[in-house]
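Reading through the structure tokens given below for one structure.
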Amino acid sequence: MRSSLIMFDELNDDDVSVLINSCEKLHFKAQDVVIDYGQKGKGIFIILQGQCRVETAGGLALDTLQSGDIVGEVSFVDQRNTVAKVIAQGELTTAVVYEDVLRECIRKDSGFASRFYLGVARTLAYRLRLNMQVALSKNANVFASEREFSNQIDVDDLDAMTIAGTRLAYLLKRLL
């Protein structure tokens with residue numbers, strides 16, 4: 001639940017209403033895959049009831065999520081395939097805000113976008129710290145699969161990377 005508390009700390013009441021009005025409820029049975037490894041992300045899931053396990057491609061359990069937690073934010077942010085598998089531990093009910101719907105909400109309301117992305121950034125920072133603790137405590141390499149980060153920069157990203165590099169160079173030149 002910590003991830004959702006971090007996220008919802010940044011959102012205001014209107015933002016929460018936007019999410020409520022934009023989501024769809026999904027139901028899963030025990031051992032159903034909510035998010036599969038290596039697939040295009042569908043959106044951001046909020047766990048309403050039940051629990052699910054998050055694991056790496058190599059099967060290392062990273063976390064158990066429960067009512068109130070969010071998942072799917074990594075692939076939403078970086079627009080790459082998923083790097084973990086999320087499996088229902090029993091009956092599970094989620095609310096999903098599909099990617100196209102969420103991106104439209106962000107496009108229409110810059111205030112919502114700002115608060116949403118800050119919440120996601122804080123959630124990702126929390127998850128990074130948690131996953132590093134798991135890996136270190138188990139002396140494990142959470143990136144054990146060669147597939148995890150193969151072809152990190154897609155051909156489609158090269159133009160964006162060039163523009164980003166130009167912007168960074170400009171910023172450094174101006175500030176140094």
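Once you sort the root eigenvalues of the Cα gyration tensor of segment 47-107 as a ≥ b ≥ c, which label holds: rounded (a/c under 1.5), prolate (a/b larger than b/c) or oblate (the other case)?
It comes out oblate by the Cα gyration axes.
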(request) Just order 42-49, 10-17 by mean Cβ neighbour count inside 10 Å, highest at the front, would you? (result) 42-49, 10-17
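Read-outs: derived from the displayed coordinates by stated rules, not from any lab. Predicted model, so just to flag it, every value in this text is computed and none were measured. Please note: Cβ atoms are built from the backbone with ideal geometry, for glycine as well, and neighbour counts cover all protein chains shown.
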